[in-house]
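The values are calculated or read from the model by the stated rules, or taken from the named source; none is laboratory data. Note that this is a predicted model, so its numbers are computed, not measured. Neighbour counts run over all protein chains shown; Cβ positions are idealised from the backbone, glycine included. Surface areas here come from the heavy atoms of the whole protein model, side chains and all, with no ligands, DNA or RNA. Shrake-Rupley method; radii C 1.70, N 1.55, O 1.52, S 1.80 Å.
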There are 2 protein chains.
Amino acid sequence: MADGRWIDRVEELEDVFIKRLEDAVKIPSISAYPERRGDVFKMSEWVAAKLRAFGAEVSIKPLGKQEGTELELPPLVLGRYGRDPEKPTILVYSHYDVQPASIQDGWKYDPFVLTIEENGRLCGRGTSDDKGPLIGWINMIEAFQKAGTDVPANLVFCFEGMEESGSFGLREALEDEADKYFANVDALCITDVVWVSDEQISIPQGLRGVLFYILTITGANQDAHSGGFGGQISEPMTDMVNIMSSLVDSSGKILVPGLYDNVQPVTQEEYDSYNKLNISEDSLLGGTGGRNLHETLADTLISRWKKPSLSLHRIQNATPGEGASTSIPAKLLGKFSIRTVPNMKAQDIDKLVQRHIRERFDSLGSKNDLEINCVAAADWFYESADHWNYKAAIQATQNVWGVNPALTCEGGSIPIILDFKKILKKNVLLLPVGRPTDGAHSTNEKLDNSN
Amino acid sequence: MADGRWIDRVEELEDVFIKRLEDAVKIPSISAYPERRGDVFKMSEWVAAKLRAFGAEVSIKPLGKQEGTELELPPLVLGRYGRDPEKPTILVYSHYDVQPASIQDGWKYDPFVLTIEENGRLCGRGTSDDKGPLIGWINMIEAFQKAGTDVPANLVFCFEGMEESGSFGLREALEDEADKYFANVDALCITDVVWVSDEQISIPQGLRGVLFYILTITGANQDAHSGGFGGQISEPMTDMVNIMSSLVDSSGKILVPGLYDNVQPVTQEEYDSYNKLNISEDSLLGGTGGRNLHETLADTLISRWKKPSLSLHRIQNATPGEGASTSIPAKLLGKFSIRTVPNMKAQDIDKLVQRHIRERFDSLGSKNDLEINCVAAADWFYESADHWNYKAAIQATQNVWGVNPALTCEGGSIPIILDFKKILKKNVLLLPVGRPTDGAHSTNEKLDNSN
């Protein structure tokens, strides 16, 4: 059997691969639950053993205690397969922990028993996010070995056990290993993403960044009754809705002056290519039942991939023991966030936002106090598809699926990808294995057998 | 002893009166707790027995079951003292139930044991709201009897046991008895109010009305992630803050066109009299630490007594299982209320508000759906102080306290007072017995012995 193309071996190995996924799903490696921490460690050992079984060198990197607790963090499972100086060295990132799941949440099957549906769907927690894609790397090595072919790249593995719970310790470990374990890495490949739609095979080149704001407006020490005090005292809610209404309009246009100044224009080529993508209206709305602000497919995709957006999330009463329904809130938190795209600079945007809000507030002549805080920020991410790392992925997709993958973006932000990029300074490829309807953080998670 | 002025008897009877209040406080007649309903009934019997002891005819009016429950409502205790056709007949309303109270809430003493502080404060649940004032009527009869003087009016009592829990059944009972038990009533006296400040003896002539609104804006079936969908779909929060910001400005001015049209102007005489009231800045703000929008005392009082106000209460996510902090809410409830004053008409105001909001929403070109509902409405209340009922109260205050009471208003709304007015169509006097710092619905409720 040690001959032929590796891809032909995949079908022969199907049962082996499925059994492997079954074994992995069986271990409930939920990083969010302290009482499951043992299973996350067990999963790290399982992954290490599999890597070793196929000839990879494995190094377990402990990450110490979880801040503020006595809990040990699950280790990074580092691995190395191949050391050919002629080949490029690819760092592969994935994670072996999973989101919580319980049959009571509405799963059709026990989430920790792999169940195969007639249509070939492999159901179980972690099948898509991210045990399935992780095991894909091991399966690939096995297929190459069975085909008697060399894997065309040296692989460095970095498998994490806390991704679903804040990736504690990962950034420090990356900084620590940048010049050591990861010293000779030429490019990165991260499989923790999905296709743009169930119908459209794709490779995302970009992610939006995010700036998250909290506005605090204070007018009193405690909520007051609107009968007794309405009209007499200064009401924070009045200022809050006024400021918020000055940030964005009902068409989604951001009203902060200067905010669009550095947004990279969309090329006609991109526009045309987006209009040709195979994405149904349902996929576009992701089951939310939301109302699309845009007419064409391209405009819709551009609004989430290539344009900044500003969403008002909530206005929260910050007085402990929220008052009666007719109370005047004494102190409010207003939360909103801005998604950023190339080539916006977070620092500049923050200045524009702060200045705009301060000017608006000053114009109100309010007696309340205002605080503006940008409490979280992550940069946007964008890679050129001209890099060999992307070219290889496009070629591989053609080989396996017989089609050209669409080059897309994602509207969301993935901070750890930024960390990899910032610390290792190499091209990062986001290679989807699953589909958007896999239910990664939801019930009835599945991976289509074809994936 | 059966001679002299009745007022001289009050001091001699002090111990008897305090013992009576002690007995009443001991019965935890909390109408909010089903398991205390027995105590509310016990309290009704206690009140009936006291009335009978001083020669009143008593009639117990059962109110049936509490809607949606198997709980019996506590009865109205109706009473009649004196039937002299030469005298006016006054309907006296008070209630014998109390708010919940427990030492764990932070009371200095057991709330159901009357504790007398050195400064003469009578501490215990119900001392001010409303057992103290209710017992005041019984004490008054006793003092007149001991003084050998006739009470100068016929009294009809209407004592309720559900005031703190929605006054279930009261309105129907009033309608039922309007031409029967209450047929010959000439005027009403309600003691369930307090002075305008601790320092200022007062009689309120007016209460503001209220219109309570819920705006519902719907854009989707479920909350969406702002990374994936921000900029693409229509966001209800954007419309909500825009509409809300068009209702009122930071100086408290209502922006709905036409809203002030029928507001009765304040006379120079009222303005001057308000400026002379003895109300400290602390009393004015009621301990809220709020920031006063007005310079003079008169302007401050006018803003809550004589002017309408519009307060924005909250914006609530209406999607079950509120989403992540970066979500786009799919459906929102926006709550606000308008306090009304003479001579605003609720129906006209509602039309102005609905038209303004609908026009504003239409101008946004939004893809969301808007619903506007006025879910509660209570009229304002205002009585002329020229009526003999008020003149008698002013004279009585002069006799007891040696000063003229200030004629004031209250900013809040008391729906049951409106019911009495509407159904019995007689002059209603609101006669304060307690002070605003009595802590009527709070911990450490007290009544000053002087009151």
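Quick look at the values:
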read-out	value
Where B:H387, A:H313, A:H225, A:H356 fall by accessible area, highest first, once all protein chains stay in place (1.4 Å)	A:H225, B:H387, A:H356, A:H313
Nearest-first distances (nm) between copies at A:Y33, label 7 Å from Cα via Cβ	3.8
Rounded to whole Hz, the Karplus (6.51, -1.76, 1.60) HN-Hα couplings of the stretch B:16-23, x for glycine and proline	5, 5, 5, 4, 5, 5, 4, 4
Karplus (6.51, -1.76, 1.60) ³J(HN,Hα), θ = phi - 60°, over the stretch B:87-102, in Hz, Gly and Pro reported as x	9, x, 10, 10, 8, 10, 10, 7, 9, 10, 8, 9, 5, x, 7, 8
Rounded accessible area of B:C189 (nearest 10 Å², 1.4 Å probe)	10 Å²
Cβ-Cβ FRET estimate between B:K42 and A:D350, R0 fixed at 56 Å, reported to 0.05	0.30
Integer Hz, Karplus 6.51/-1.76/1.60 couplings in order for the stretch A:337-351, x for Gly and Pro	9, 10, 8, 10, 9, x, 10, 5, 10, 3, 4, 5, 4, 4, 4
Low-density loop positions, trypsin sites (Lys or Arg not before Pro), the stretch B:119-227 - DSSP coil, at most 13 other Cβ in 10 Å	B:K180
Residues with amide H under 5 Å from that of B:T408, placed H, sequence gap 5 or more	B:I203, B:Q205
At most 13 other Cβ within 10 Å, DSSP loop - GluC sites (Glu not before Pro), the stretch A:28-79	A:E67, A:E70
Sequence-distant residues sharing a close amide H with A:T191 (under 5 Å, placed H)	A:Y93, A:L431
Angle in degrees between helix A:131-147 and the longest Cα principal axis of chain A, rounded to the nearest 10	20 degrees
222 nm mean residue ellipticity, helices alone, for chain A (DSSP H n ≥ 4; -39,500 (n - 2.57); rounded to 500)	-9500 deg cm²/dmol
Rough spin-label spacing in nm, given labels placed 7 Å along Cα→Cβ, for A:L13 and A:K61	2.6 nm
Nearest-first distances (nm) between copies at A:D198, label 7 Å from Cα via Cβ	6.8
Sequence-separation-based contact order of chain A, relative, with Cα cut under 8 Å and 6+ spacing, percent	23 percent
Label zone at A:Y271 (point 7 Å along Cα-to-Cβ), backbone N below 20 Å, the stretch A:300-315	A:300-309
Principal-axis tilt of helix B:37-53 within chain B, Cα atoms, nearest 10 degrees	40 degrees
Other copies of A:N221: label-to-label distances in nm, shortest first, labels 7 Å along the beta-carbon direction	5.0
Distance (nanometres) between label positions extended 7 Å along Cα→Cβ at B:E359 and A:Q104	5.4 nm
Acute angle (nearest 10 degrees) that the helix A:388-401 long axis makes with the longest principal axis of chain A, alpha-carbon atoms	70 degrees
Between the stretch A:122-199 and the stretch B:1-66, the Cα center-to-center distance that results, in Å	78 Å
Contour minus Cα-Cα distance for B:D186 and B:A318 (0.36 nm per residue)	42.6 nm
For the stretch A:94-184, accessible area per residue (1.4 Å probe, heavy atoms of protein chains only), Å²	38 Å²
Cα-based Rg / Dmax (Å) for the stretch A:73-183	16.9, 52
